[in-house]
1. Working out 0.36 nm times the residue gap between Arg190 and Asp205, then minus their Cα-Cα distance, what length gain in nm do you get to one decimal?
2. Using a 1.4 angstrom probe on the protein heavy atoms only, line up Val153, Val226 by accessible area, largest first.
3. With the dipole of the chain worked out from charges on the C-beta (+1 for Lys and Arg, -1 for Asp and Glu) around the Cα centre, which of Ser184, His352, Gly164 lies farthest toward the positive end?
4. With charges only on Cβ, +1 for K and R and -1 for D and E, what is the dipole size of the chain about its Cα centre, in debye, rounded to 20?
5. Considering only DSSP beta bridges with both partners in segment 176-347, what is the antiparallel share in %, to the nearest 5?
6. Compute, for His191, the solvent-accessible surface of its heavy atoms (probe 1.4 Å) with the complete set of protein chains present, and express it in square angstrom to the nearest 10.
7. Quick one: check the C-alpha center-to-center distance for segment 72-133 versus segment 174-192, whole angstrom.
8. Protein chains only, probe 1.4 Å: how do Ile198, Ile10 rank by accessible area, largest first?
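The values are calculated or read from the model by the stated rules, or taken from the named source; none is laboratory data. Owing to the predicted nature of the structure, the values given are computational and were not obtained by experimental measurement. Cβ coordinates were reconstructed from backbone atoms using ideal geometry, including for glycine residues, and neighbour counts include every protein chain displayed. Surface accessibility is based on the protein's heavy atoms, side chains included, excluding ligands, DNA and RNA. Shrake-Rupley method; radii C 1.70, N 1.55, O 1.52, S 1.80 Å.
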Amino acid sequence: MAKDPWHPAIRREHRIATELVRRGMPVDFVQAPADVHRVVRDPGNWAGHLARARWAEAAPGVRVTERSTVLPGHRHRLAEQLDAGLLAGFLRRSGWAPQLSVLLFPWDWRAARRLGGQRVFDCTDDWARLLPRARGLPDQLRRIADEADEVVVVNGVLGELFPGRRPVVVPNGTDEALLAAPRSTPRRARHAVYVGSIAERFDVDLVRAVLTRLPDWTVHAYGQLVFPQSARAAAARFAALEAETGGRFRYLGELRREELPAVLDGASAGLVPDVAARALGQSSMKTYDYSSRGLPVVATAGHLEHSSDPPPHAYVVDGAAATAEALVAAGEEPAGWAAERVAWAAARTWRHRTDAWLAAALP
């Protein structure tokens, strides 16, 4: 049961699914549910995926289905119970009986109680930080701690969310295609990039302040806009950033994976400008993408300072002044540091991560 759609297949659950197929283990992938807002846009498709799966082959060895719900399960206890009931019925009528079931949303766990086989919760976020208005999270996490066959977390900090358990830590990993891609674009001085999903935790105020301090720098952002409906003000502030910086900040939309090497090679630094209060406990895939091309990583607090295994020579910053200083320093660092980052990324590919993940999930 995934957090995202299958397309674009760029996230942790996609990478692990691909590796499982490579090991001869077919995968059934249930996409994150569409709630009643979809009824207005596409009522037939919403109703068609409410009762049971409609499987379609998305990649060799991978079957994907959509799923519908009434309300997101994190809204309140009644929504959790309703969504979990719908999910349990959906799985039962779809003949769900795998050796291993993996869940990523805490509010889905109630539906896992009656599943056979190994039941694993893969925790990639501190959900209370990302969804401060969510209800019932402590009880949901306690239930997972009591009932899951295994709990896997991307960052050791998240282990504290599961009382009485010692979860297995399996961070995110490196895309081998990024390591193998030829270098075709020269570095551009005084130019930073951000590649990743863009939502409330993207620190618009920080980026604006940094570009004010560095009037000869540019920042380009690529990725999917995932602002929830409740964050329209944050989405508007992000949309205004280009005009406010005279075009030195630009949002260039979603990026095809095959375009990523050239975008990273053409930058002098990779930014992770997250609001620190929302970033604690992350294992940012951006840091692996950036490092795979030797790009300096400049990340705000919440990510790397809580990791026992940060990329070499990473810059952990707090505030606009420190971020600006780190960007300037990144442009002047020794040439050999880039090779150290690439070697670090090469030792942490998804093949390596999936070995550790499987050892936990199917002991």
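1. 3.4 nm
2. Solvent-accessible surface, decreasing: Val226, Val153.
3. Towards the positive end, the residue furthest out is Gly164.
4. So the magnitude is around 960 debye.
5. The antiparallel proportion sits near 5 percent.
6. Here the residue's solvent-accessible area equals roughly 10 Å².
7. So the separation of the two Cα centres works out to 38 Å.
8. Putting Ile198, Ile10 in descending order of accessible area: Ile10, Ile198.
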